[in-house]
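The values are calculated or read from the model by the stated rules, or taken from the named source; none is laboratory data. Not measured: the values here are computed from a predicted model. Cβ placement follows ideal geometry from the backbone for every residue including glycine, while neighbour counts extend to all protein chains displayed. We work out accessible area using only protein heavy atoms, side chains counted, and drop any ligands, DNA or RNA first. Shrake-Rupley method; radii C 1.70, N 1.55, O 1.52, S 1.80 Å.
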Amino acid sequence: MLLEDILEHNNQFVETKSYQLYETDSLPNKHAVILTCMDTRLTELLPKAMNFKNGDVKILKTAGALIKNPYGSIMRSILVAVHGLQAHEVYVVGHHDCGMSNLDTDDLVKKMKSSGVTQKDFDQLDIDVEEWFQGFDQIEDSVKSSVELITQHPLLPDDVPVHGLVIDPKTGKLDLVINGYK
Ligand SMILES: [Zn+2]
């Protein structure tokens, strides 16, 4: 079982002081906050491809690097990083071949129903499920609209640059979509 493997490994990790390689403080040395996707291919690739090591940046992850709600937990985290944790710029990093690209919400709802979610459960929600799970057609457009939402947030200072990039989940190559310094 995964949990047992994790706990067993963890004993070793701590005992052999492997953590010493990663020691740093809680402030981002490169003064940036990154919003990216939870895609498993990016777990190690993105920090390597962008030259980030432990302690360099704050990294937030959502499905699709999407931010749609200006008053949700992602925007709150960005604002905390900027105002409370010395982040001076924001990077939205989407990626090609993303699971949120052309996500089939009908199929997702079907899968929920087959795992036991009932119509009554759906009826209790005060959101539009289709809209809530909606992904995007073009990653560049999605990155642009996330950058826009962050840039225009009333609580984000005007002098905080917000950049938009797209990463290749295989090679790590970055394409610049929006240069926030301009
Ligand atoms: Zn993704």
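Below, the figures for the structure above:
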item	result
Per-residue [θ]222 nm for the chain (sum of -39500 (n - 2.57) over DSSP H runs n ≥ 4, rounded to 500)	-11000 deg cm²/dmol
Förster radius 35 Å - calculated FRET efficiency between LEU155 and ASP121 (Cβ-Cβ, nearest 0.05)	0.55
In nm, spacing of pseudo-spin labels at LEU174 and LEU2 (7 Å Cα→C-beta vector)	2.9 nm
Relative packing of peptides 72-84, 142-154 - highest average C-beta neighbours within 10 Å first	142-154, 72-84
The stretch 155-174 and the stretch 106-127: distance between their alpha carbon centers, rounded to Å	34 Å
Those lysines that a straight Cα-Cα span of less than 28 Å connects to LYS144, excepting residues fewer than 8 apart in one chain	LYS30, LYS48, LYS53, LYS58, LYS61, LYS68, LYS170, LYS173, LYS182
At R0 = 22 Å, FRET efficiency that the Cβ-Cβ distance of TYR22 and ASN51 yields, to 0.05	0.85
Carbon/sulfur fraction of accessible area - the stretch 34-182, other protein chains in place, 1.4 Å, %	51 percent
Accessible surface, the chain, averaged per residue in Å² (probe 1.4 Å)	65 Å²
